[in-house]
Amino acid sequence: MGSMRQLSRAAVLGAALLGLVACDKKAAPSAASAAPGSASAAFKQAAPVASGLPGVSALVSKVVNPQNEPAYSGPTGAVSGVVTGTGDLAPEATAHVAQIKGACPQAREAYARVFREGMMRSLADVLVAVTGYSGYLPAKEAKQTVVARGCAYNTRTIALTFGQTIDVVSKDGEGYAPNLLGAHMKAQLLALPGGAPSTLYPPEPGHYVLTDDLKLFMLADVFVLKYSTHDVTSLDGRYEIKGIPPGKARISALLPGTQAVVEKDIEIKAGETLNLPLELAFDAKAYAAAAAAAAAAPTPAPSAKP
């Protein structure tokens, strides 16, 4: 229950971040009004989408490209860096680890603390996003693969562009039953050793939780966004977002496990990579107080059906 309350708080913050980054894109000038040789003149005729959702590519296009712009194909730049933690170290997640039964080495390591840190306090599982630029940038792949091994997913944060699916694959001798909470799945899926991936379909942008119906302690926050310029850090804390049109933009970083957010205005230059380290602070006392307050709050009663 404590883990789910924590996820609910992260969902509120994630929803705010989703709203910010989904609405912050600048309207791009049309190709007809663009000066020859300018970046805006690089908008071409096709407007592709990367969609693994069956039979709904038009819906995906309406969400990720509401102005029906051709894909941007002009000069681009990039931003990269390392996200590190400051302040207190991550507390042990004792109650969560107590749910892990049997030989699950990766799970005990992945969920041992409230959030994961690597060398030199690098932060894993941070969602980093760039918004505020002009242009439509479609996702390059229709799916993302998530590995289940040792009773754990290979990440605790997953970022998708709407239209992309999640393929869960088993990479050990265990069977898994992935479940995307909030997606209203109609059938139980199984990811078996050596078998085909289990494909999950987020039906709309928003915040979801990937769990497993056989191992409920397996958890990952899933953010389905309306744009493709995002990345998630691994234990080295590194992120890199390429293919951004030049000009002013905004970078945002979110660590769901602590609700910490940092945002900065940036400028992308054509052909260059902006090196931008990011820091997220953690206050253990404030976190403990918030967790205690959330645990003491009454559970909302289910609404009556009409």
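The values are calculated or read from the model by the stated rules, or taken from the named source; none is laboratory data. As the structure is a computational prediction, the values presented were derived from the model and not from experiment. Note that we place each Cβ from the backbone using ideal geometry, even for glycine, and neighbour counts take in every protein chain shown. Calculation scope for accessible area: heavy atoms of the full protein, side chains included, ligands and nucleic acids excluded. Shrake-Rupley method; radii C 1.70, N 1.55, O 1.52, S 1.80 Å.
A few comments on the model shown:
- Of the solvent-accessible surface of region 66-216, computed with a 1.4 Å probe over protein heavy atoms with every protein chain present, carbon and sulfur atoms account for 56 percent.
- For region 62-201, the square roots of the Cα gyration tensor eigenvalues, ordered a ≥ b ≥ c, give a/c of at least 1.5 with a/b no greater than b/c, which places it in the oblate category.
- Kirkwood hydrodynamic radius computed over region 131-221 comes to 13.8 Å, based on all pairs of distinct alpha carbons.
- For the residue pairs Lys62/Lys140; Lys140/Lys269; Lys140/Lys171; Lys101/Lys143; Lys140/Lys248; Lys242/Lys264, alpha carbon separations beyond 20 Å are given by Lys140/Lys269; Lys140/Lys171; Lys101/Lys143; Lys140/Lys248.
- For region 225-295, GluC sites (Glu not before Pro) meeting the loop criterion (DSSP other than H, G, I, E, B) and having at most 15 other Cβ atoms within 10 Å: Glu272.
- Kirkwood Rh (inverse of mean 1/r, distinct Cα pairs), region 180-304, angstrom: 18.5 Å
- Packing-based ranking, highest mean first, of 86-92, 109-115 given that Cβ atoms within 10 Å are counted: 109-115, 86-92
- Share of Cα-Cα pairs in region 133-182 lying beyond 12 Å, as whole percent: 69 percent
- For region 114-266, convex hull volume per residue from C-alpha positions, Å³: 119 Å³
- Mean Cβ neighbour count within 10 Å, used as a protection proxy, ranking 213-225, 282-294 highest first: 213-225, 282-294
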